[in-house]
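A.B. asks: Handing you a structure now.
The values are calculated or read from the model by the stated rules, or taken from the named source; none is laboratory data. Please read these numbers as outputs of a predicted model, since none were measured by experiment. Quick reminder, even Gly has a Cβ in these numbers, built from the backbone with ideal geometry, and neighbours come from all protein chains shown. When the accessible area is computed, the model is the full protein with side chains, heavy atoms only, and any ligands, DNA or RNA have been set aside. Shrake-Rupley method; radii C 1.70, N 1.55, O 1.52, S 1.80 Å.
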Amino acid sequence: MTDRLDQEMLQQIYARGGSEAVKRALEDFALVAGDEDLDAAVDQACAVIAAETARITAVADQREARIAELEVQARALQEEIDASRST
């Protein structure tokens, strides 16, 4: 364990193990860190988790929008197919 948990390290920890890994890292860090350093690490961890949550939400929103587009296209194609069959 290091004597500091900076944002880059917390991002790496999160990327490898998610919020549970960040929690464990903070618990381990609490054993060796002073209150000020621990508070700073907790703030950094919250920022990392919030940023990742926002990124994941944005990706999900984009994918949902794409799905909606594809559903509209599929309905339009089905209508074309149905129209060509009835003529």
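A.B. asks: Of all the residues that make up region 23-51, how many are among the aliphatic types (A, V, I, L, M) and either in contact (Cβ under 8 Å) with a residue 60 or more places away in the chain or not in a helix (DSSP H, G or I) (or both)? Break it down stepwise before answering.
C.D. replies: Within region 23-51, the first condition is being among the aliphatic types (A, V, I, L, M), and the residues that meet it are 25-26, 30-33, 38, 40-42, 45, 47-51.
Among the residues that remain, those that are also either in contact (Cβ under 8 Å) with a residue 60 or more places away in the chain or not in a helix (DSSP H, G or I) (or both) are: 31-33.
So the answer is 3.
A.B. asks: THR87 passes all but one of (1) without any contact (Cβ under 8 Å) to a residue 24 or more places away in the chain; (2) surrounded by 10 or more Cβ atoms within 10 Å (Cβ to Cβ); (3) β-branched (Val, Ile, Thr); which number fails?
C.D. replies: THR87 satisfies all of (1) without any contact (Cβ under 8 Å) to a residue 24 or more places away in the chain; (2) surrounded by 10 or more Cβ atoms within 10 Å (Cβ to Cβ); (3) β-branched (Val, Ile, Thr) except (2).
Each row is one residue, and each column tells you yes or no for (1) open to solvent by 90 Å² or more (accessible area, probe 1.4 Å); (2) of a type outside the set (A, V, I, L, M, F, W, C).
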residue	(1), (2)
ASP6	no, yes
MET9	no, no
ILE13	no, no
ARG16	yes, yes
ALA21	no, no
GLU27	yes, yes
ALA30	no, no
ASP39	yes, yes
ALA47	no, no
